[in-house]
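Notes to accompany the following structure.
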Amino acid sequence: MKFFIHYLKHLLLLSFAAVMSSTGYADTVNISASLATPVIQAGKTQTAFLKVGLTGFSMPTQRERSASNLAIVIDKSGSMSGDRIERAKEAAIMAIESLGVNDIVSVIAFDHRVEVVAPASKVLDKMLITQAIKNIQVGGSTGLFAGVSKGAFEVRKFLDKTRVNRVILLSDGQANAGPSSPAELGQLGNMLAREGISVSTIGLGTGYNEDLMTQLATYSDGNHFFVANSRDLAQVFQKEFGDVGAVVAQDVELSVRLKRGVKPLRVLGREGEITNGVVHLRMNQLSSQQEKYALLEVEVPPGKAGENVDIATVEVAYLNMQSKNKDKLTRSVALGFADSPELVAKSVDKKVMVSAVQQIANENSKQALQLRDQGKVTEAKKLMEINAAYLSSNARSLGSDDAPTPELEAQAVETKNQAIQIESKDSRQWNILRKGMRAEQYKIEKQQK
């Protein structure tokens with residue numbers, strides 16, 4: 001019992017430190033650092049999952065929302081003709097109407113050339129911007145790289161860390177003019193992220209390259225949406241602009257320093273760098289009441305029963321969009337050892353374990369997609385079936401007495417359906433499924449709202 005009392009005291013001290021870390025009257029991001037198995041079997045080397053969670057504070061009123069600096073980048077290539085370009089214009093105009101006079105916006109349209117429809121400026125004359133959007137005409141091929149680059153150029157005119165700096169890209173086609181590979185667009189996203197600019201991508205219909213669009217969003221920590229029908233564009237734009245206005249923290253830097261021979265094995269979901277036992281991660285933005293997290297799998301050396309030790313220190317720094325100050329917080333992570341399997345089982349943090357299961361299943365889903373792309377349909381289907389069973393089993397074991405864990409159960413049902421459809425020989429049906437899978441994988445990976 002001694003190490004449980006020690007562990008409880010440790011948690012109380014962490015809670016007290018969290019309260020005392022607040023500066024002034026400004027709200028702060030809630031930081032948690034927890035192990036899925038805070039007590040493990042003594043006497044042997046084993047792995048554990050460490051979750052570092054950041055939850056954005058509530059915004060009291062709409063007037064408190066973060067000022068934005070946005071570039072709306074619209075594909076106007078030939079394939080966008082008809083209903084698609086009209087719906088895109090309507091959605092963009094609706095988004096403009098939601099902005100305030102302190103927000104900055106620019107509108108870019110591209111085919112194989114790039115046109116600055118409305119240069120970056122404060123939203124003082126909405127009618128002028130709206131009319132410029134209405135005048136967009138379609139034609140030409142798809143120079144996606146150039147369109148995003150020009151959007152970033154306009155954002156840079158008013159680049160300010162106290163604003164939400166974002167490029168919002170809408171395209172329905174393959175990039176076929178200029179740099180066009182997922183790797184090249186990923187590099188662009190990575191470069192923009194380092195400048196404090198995120199890129200959200202909206203793929204319309206079944207003709208766009210989902211790997212390219214998700215790479216661009218991944219490396220800049222933006223959002224990604226698959227919109228099968230242009231009628232849904234307005235709703236997606238509403239979600240995206242709601243996310244922009246709700247940002248409470250930017251330029252988030254996270255370091256996990258492992259101790260006592262603990263070895264980092266992998267970072268699940270997010271991109272991270274591991275150097276000399278220290279894991280470094282970045283998150284561009286965090287929204288109000290949104291949880292984003294980093295999940296690490298680590299190897300823990302043997303310990304003695306009854307022993308309780310600190311195994312990691314977590315350091316988080318971010319720009320508070322309410323106070324405009326840089327907040328810094330530190331957390332310690334403790335681990336206990338026991339001989340009793342019952343004590344080990346009783347200590348499991350189900351919330352952290354659910355996150356670990358989601359991310360592991362998501363990695364399996366991505367592997368199945370790769371197998372399907374290689375023509376290994378049977379192997380892909382088998383892996384998806386195993387994945388569905390893994391999710392269902394954990395949904396039951398991590399749920400309550402009378403109900404499975406909802407998020408794992410929903411993921412299991414979706415995975416079962418995908419296992420059935422993944423062997424489809426209908427290229428159009430497979431194209432739709434693939435885009436849906438990539439969008440869902442991205443949502444889970446990045447904890448997109």
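Quick notes on this structure:
- Looking only at segment 266-290, and only at residues there that are without any contact (Cβ under 8 Å) to a residue 24 or more places away in the chain and either assigned by TED's automatic domain parsing to the domain that holds Val167 or not in a strand (DSSP E or B) (or both), the one that is nearest to Lys44 (Cα to Cα): Gly277
- Residue list for segment 393-436, filter: outside any helix (DSSP H, G or I) and among the basic types (Lys, Arg): Lys425
- Restricting Phe158, Phe145, Phe153 to residues that are farther than 25 Å from Ile444 by Cβ, in contact with a Gly (Cβ under 6 Å, 6 or more places away or on another chain) and among the aromatic types (Phe, Trp, Tyr) narrows the list to Phe145.
- Residue match in segment 304-313 (condition: part of a helix (DSSP H, G or I) and in contact with a Phe, Trp or Tyr (Cβ under 8 Å, 6 or more places away or on another chain)): no
For every residue, the table says whether it meets (1) buried (at least 18 other Cβ atoms within 10 Å of the Cβ); (2) under 27 Å from Met213 (Cα atoms).
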residue	(1), (2)
Val344	yes, no
Ser355	yes, yes
Ser365	yes, yes
Met384	yes, yes
Lys416	no, yes
Ile420	no, yes
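- Residue list for segment 213-265, filter: in the same structural domain as Gly173 (by TED's automatic domain parsing) and of a type in the set (Ser, Thr, Tyr): Thr214, Thr218, Tyr219, Ser220, Ser230
- Filtering Leu185, Leu170, Leu204, Leu216 for residues that are under 17 Å from Glu271 (Cβ atoms), surrounded by 24 or more Cβ atoms within 10 Å (Cβ to Cβ) and either modelled with pLDDT under 90 or more than 17 Å from the chain's Cα centre (by Cα) (or both) leaves a single hit, Leu185.
- Flag for Val167 being touching a residue at least 60 places away in the same chain (Cβ under 8 Å), assigned to a helix (DSSP H, G or I) and closer than 29 Å to Asp251 by Cα: no
The values are calculated or read from the model by the stated rules, or taken from the named source; none is laboratory data. The shown structure was predicted, so the numbers you read here are calculated from the model rather than taken from an experiment. We place every Cβ from the backbone using ideal geometry, glycine too, and count neighbours over all the protein chains shown.
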